[in-house]
Amino acid sequence: MKEIRTRFAPSPTGYIHIGNVRSAIYPYLIAKQAGGVFYLRIEDTDQARYVEGAEDLIMDTLKWLGLKWDEGVDVGGPYAPYRQTERKEIYHAWAQKLVDKGLAYADPYTAEEVEVFREKSMAEKKAFLYRDYRPENPPKWDGTQPLRFKVTNIKRWNWHDEVMGDLTAGPEALDDFILIKSDGLPTYNFAHIVDDAEMRSSHITRGVEYVSSTPKYLSLYEALEIEPPILVSLPHIMAPSGNKKLGKRDGAKSATEYRDEGYLPEAMLNFLVMLGWNDGTEQEIFTMEELVERFDVSRVQRSGAKFDEQRLIWMNGQWIRRLSLDELYERCEGFWSEAAMVADEEYRKKVLRLVQDRLKTLGDLRTMVDYFFVEPEVNLELIDGDKRLKKYERTHLVKMLEVVRSRLESVEFEADKLQEVLNELLVELDEKPANLFSLVRVSLSWAPFSPALNEMMEVLGREKVLERIDRTIEALE
Ligand code: GLU
């Protein structure tokens, strides 16, 4: 059986679009599942679109997600080099084969001449095709003119795509296309075919936008006597609103931006893999091991998959809760505020334990737990604007807090003990939990949300709790 070799072949043209990242995950899973090879090829032949640093960003993203490549630009491999600009001679050798067979010709035309052909076709009310204007005596190709493929197998093509099914396209989809540009570098259309053959790709996993060009590729495979790899076309990733492809304007960020905001790689991987795939059960949370075991190309959907950031946030929360406290603490490095960094590790861990169930991203730490580390500013709006607390006279609120304070002076600051006391206080003051507890909670945190009151008190400790109650009393008075 043929070895399973899949590839991720991005172009280093800027930040790596989140949709493109999915194009790395699927081939990774296909390879790992079969004990095959996943390799990284850099498609940098479009020099005009080349962006410095983009390659590093691609590699950082893959590493972050745990998509380790077995061969590639940096690690080498049996088919190195894996960067297309370093493979010029290889493309030229393959191009020469086509020239020798009479299946490629040097394109002698200027842009103006092509424009004339175009107008002629238009006047004749037919689609403009290069193959209608082939030069009778093309010059000998010397590597400086563009080299065009001379398509001869003009027919209806039928082919199978693992995701899109059986596809077909008529001869109108075929035309002579550029193989090598005037700068000597190959086009994507040519380079990827050569590379996938040389590098023994068993599958080509890429976006569905390449489907319309597939007849071109098939005619070139035939001309080069290459057996085409298995084609796997991935559905578009759609913007959250409207019926269009996800673009930078729809708020989709780069994978590294999500990382810097405190998304876990497990969540990101989980989210991306499910853009267009599920395992047929209700399961939504998958580990990498489960994905390697269960991923199945035949279950990839054909229609576009909506990029729902809310789902990503939800998944991130799920993954945060799955971590042990120590693991979570480690992942939080770099996400604490400066004030939090002054506190000791043990205190930070205690705080983390309280909010683990509420964190949506690690970035939440910067704001959500401030009051554990700095004295929060008293903001009476939170009392005056609270639907329960605004009913009380301020003097009454002060009285309630004074009673609470005096009880807290002597109790042991341990969550269970504190809860007992809080319950006793409810009886003593004849108050509803929602009212009394809100008052105390606000007095201690001055934040709209906080964890369970007794646990928060335990972590803050007696001194801070009493101090904060005093400050509230003072402000209310
Ligand atoms: N360089 C192409 C892109 O970034 C890759 C397509 C492919 O995987 O063949 O879209």
Give or take rounding to whole Å, what are the principal axis extents of the alpha carbon atoms in the stretch 6-86, in descending order?
38, 28, 16
Restricting to Cα pairs below 8 Å that are 6+ residues apart, what does the relative contact order work out to for the stretch 294-390? Please round to a whole percent.
31
Provide the FRET efficiency to the nearest 0.05 for the residue 324-residue 417 pair, computing r from the beta carbons and using R0 = 30 Å.
0.70
P(r) for the stretch 1-160: what percent of alpha-carbon pairs falls in each 5 Å bin, starting at zero?
2, 7, 13, 13, 13, 13, 14, 12, 8, 4, 1, 0
Take every Cα pair under 8 Å in the stretch 1-90 that's 6+ residues apart, average their separations, divide by the length, and report that relative contact order as a whole percent.
33
Can you put 45, 110, 205 in order, fewest other beta carbons within 10 Å first?
110, 45, 205
Mean separation of Cα contacts under 8 Å, 6 or more apart, over the residue count of the chain: relative contact order %:
13
Once the mean of 1/r over all distinct C-alpha pairs in the chain is inverted, the Kirkwood radius in Å reads 27.0
Could you order the peptides 450-456, 169-175 from most to least packed, using the average number of other C-beta atoms within 10 Å per residue?
450-456, 169-175
Under 20 Å between alpha carbons, and skipping anything fewer than 8 positions from residue 306 in its own chain: which lysines qualify?
244, 245, 248, 253
Got a sec to turn the phi values of the stretch 185-194 into Karplus ³J(HN,Hα) couplings, 6.51 cos²θ - 1.76 cosθ + 1.60 with θ = phi - 60°, whole Hz, x for Gly and Pro?
8, x, 7, 4, 3, 8, 4, 5, 5, 4
Using 7 Å Cα-to-Cβ label points, what is the residue 213/residue 167 separation (nm, one decimal)?
1.2
Stretched out fully, how many nm does the piece from residue 388 to residue 345 gain, at 0.36 nm a residue minus the Cα gap?
11.8 nm
Within the stretch 368-406, what residues put their amide N at less than 20 Å from the label point 7 Å along the Cα-to-Cβ vector of residue 260?
368
With T = 20 °C, eta = 1.002 mPa s and Kirkwood Rh from C-alpha pairs, the Stokes-Einstein D of the stretch 380-460 in µm²/s is about 166
If one computes P(r) from the Cα atoms of the stretch 295-355, what percent of pairs lie at distances over 14 Å?
69
Step through the residues of the stretch 269-276 one at a time and calculate ³J(HN,Hα) from phi using the Karplus curve (6.51 cos²θ - 1.76 cosθ + 1.60, θ = phi - 60°), rounding each to whole Hz and writing x for Gly and Pro.
4, 4, 5, 5, 5, 8, 7, x
Report ³J(HN,Hα) in whole Hz for each residue of the stretch 404-414, in order, from the Karplus equation J = 6.51 cos²θ - 1.76 cosθ + 1.60 where θ = phi - 60°; Gly and Pro get x.
4, 4, 5, 5, 6, 5, 10, 6, 6, 7, 9
Return the FRET efficiency for the residue pair residue 120, residue 144: r is the Cβ-Cβ distance, R0 is 30 Å, and the value is rounded to the nearest 0.05.
0.65
Roughly what would the spin-label model give for residue 154 and residue 367, points 7 Å off Cα along C-beta, in nm?
6.3
Cross-link reach from residue 390 to lysines, straight Cα distance under 24 Å and at least 8 residues apart if same chain, gives 399, 432
Förster radius 25 Å - calculated FRET efficiency between residue 50 and residue 189 (Cβ-Cβ, nearest 0.05):
0.90
Folded to 0 to 90 degrees: helix 18-33 orientation relative to the chain principal axis, Cα:
80
Restricting to lysines and to Cα separations under 28 Å from residue 97, and discarding same-chain partners fewer than 8 apart, the set is 2, 88, 140, 150, 155, 181, 216
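Every number in this text was worked out from the coordinates using simple rules, so none of it is lab data. Since we're looking at a predicted model, the values are computed, not measured. Here the Cβ is made from the backbone with ideal geometry for all residues, glycine too, and neighbour counts use every protein chain on show.
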